[in-house]
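A.B. asks: Can you read through this structure? Questions will come right after.
The values are calculated or read from the model by the stated rules, or taken from the named source; none is laboratory data. Bear in mind the structure is a predicted one, so any value in this text is a computation, not a measurement. Cβ: placed from backbone, ideal geometry, glycine included. Neighbour counts: every protein chain shown. Please note that ligands, DNA and RNA were not included when accessible areas were found on the heavy atoms of the full protein model with its side chains. Shrake-Rupley method; radii C 1.70, N 1.55, O 1.52, S 1.80 Å.
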Amino acid sequence: MNIKRAIVLPLVAIGLASAPAAWAQADGIAAGAAVKDTSGGAVGTVVRVDGDHLIVKTDRHEVRLPRTSFTAAQGALLFAMTQAQLNAAVEETKAQAEARVAPGAAVTGAGGASVGTIEAVDAEFVTVKLNAGGAVRLPRSAVGAGPNGVVTSLTAAELQAAAGGGSR
C-alpha cells in the first residue's frame with residue numbers, strides 16, 4: 001500500500017501541475033478568442049494573453065484589460081462593455097493623457113529623475129526647458145503622460161547633450 005501511494009501521489013502532483021495550462025485553454029482565454037458584449041455583440045478579438053491581462057483588438061484600438069473582466073461562455077469571452085463603449089473609454093483616456101502634455105507640465109526622464117518642464121507643444125514637437133539650463137525640442141512621440149506628469153525615456157544627460165547640440 002505504501003509503495004502504491006508513493007507512485008500515485010507524484011503522478012497526481014504532476015497532473016495538478018499541468019492543470020493551469022489545460023485550464024487556460026479550456027476557459028477559452030487564448031489568442032484568437034472572440035470577445036462579445038453581454039448582448040452577444042462583437043467587441044473584438046484577443047490578440048494575446050499577457051499574464052493576468054488580455055490584449056483585445058477592437059475595430060479601432062488594442063486595449064490591455066484584466067483577465068478577470070471576462071467570462072467564458074458559449075465559445076466566446078463575454079465583456080461588460082460594448083465595442084462602442086470600450087472605444088469611447090479608450091479615446092477618453094487618450095484625450096486625458098494628451099491634455100496632460102501641456103506647457104508648464106513637469107517632465108520626468110529615465111530613472112524617474114526630474115529633467116525639466118514643458119515650454120511649448122505643437123502637433124509635431126514638444127520643447128522642454130531643462131532643469132540644468134537650456135531647452136530641447138523633441139518629437140511629440142518622445143514624451144507621454146505618466147502617473148506623475150509627463151515622462152520621456154531619455155535621461156537628463158541625453159537631453160542636456162541634445163540641448164547643447166544646437167536643439168531649440
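A.B. asks: When the residues of region 25-59 are filtered to those that are more than 20 Å from the chain's Cα centre (by Cα) and farther than 29 Å from ALA95 by Cβ, which remaining residue is most open to solvent (accessible area, probe 1.4 Å)?
C.D. replies: Looking at the filtered set, the residue picked out is GLN25.
A.B. asks: Okay, next question. Inspect region 149-158 for any residue being open to solvent by 60 Å² or more (accessible area, probe 1.4 Å), farther than 26 Å from THR93 by Cβ and among the acidic types (Asp, Glu) and give the result as yes or no.
C.D. replies: Yes, the conditions are met somewhere in region 149-158.
A.B. asks: Can you find even one residue in region 134-152 that is charged (D, E, K, R), part of a loop (DSSP other than H, G, I, E, B) and free of Cβ contacts under 8 Å to residues at least 40 places away in the same chain?
C.D. replies: Within region 134-152, none of the residues are charged (D, E, K, R), part of a loop (DSSP other than H, G, I, E, B) and free of Cβ contacts under 8 Å to residues at least 40 places away in the same chain.
Listed here are the residues, each with its yes/no results for (1) of a type in the set (Gly, Ala, Ser); (2) open to solvent by less than 40 Å² (accessible area, probe 1.4 Å); (3) in contact with a Gly (Cβ under 8 Å, 6 or more places away or on another chain); (4) within 23 Å of VAL143 (Cα to Cα).
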| position | (1), (2), (3), (4) |
| --- | --- |
| HIS61 | no, yes, no, yes |
| GLY75 | yes, no, yes, no |
| ALA102 | yes, yes, no, yes |
| ALA106 | yes, no, yes, yes |
| ALA110 | yes, no, no, yes |
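A.B. asks: Which of the residues that make up region 55-85 are aliphatic (A, V, I, L, M) and either closer than 28 Å to ILE118 by Cβ or out of contact with any strand residue (DSSP E or B) (no Cβ under 6 Å at 6 or more places or on another chain) (or both)?
C.D. replies: Passing the criteria: VAL63, ALA72, ALA73, ALA80, MET81, ALA84.
A.B. asks: Is it the case, given these coordinates, that THR127 is surrounded by 13 or more Cβ atoms within 10 Å (Cβ to Cβ) and hydroxyl-bearing (Ser, Thr, Tyr)?
C.D. replies: yes
A.B. asks: Let me ask something else. Taking ASP27 as meeting all but one of (1) modelled with pLDDT under 95; (2) acidic (Asp, Glu); (3) closer than 30 Å to SER153 by Cα, write down the number of the exception.
C.D. replies: It is condition (3) that ASP27 fails.
A.B. asks: Which residue out of ALA89, ALA120, ALA95, ALA80 is at pLDDT 95 or above, of a type in the set (A, V, I, L, M, F, W, C) and within 18 Å of the chain's Cα centre (by Cα)?
C.D. replies: That would be ALA89, the only listed residue that is at pLDDT 95 or above, of a type in the set (A, V, I, L, M, F, W, C) and within 18 Å of the chain's Cα centre (by Cα).
A.B. asks: Conditions: (1) open to solvent by 50 Å² or more (accessible area, probe 1.4 Å); (2) within 30 Å of VAL43 (Cα to Cα); (3) not in a strand (DSSP E or B). ALA161 meets all but one. Number of the miss?
C.D. replies: Exception for ALA161: condition (2).
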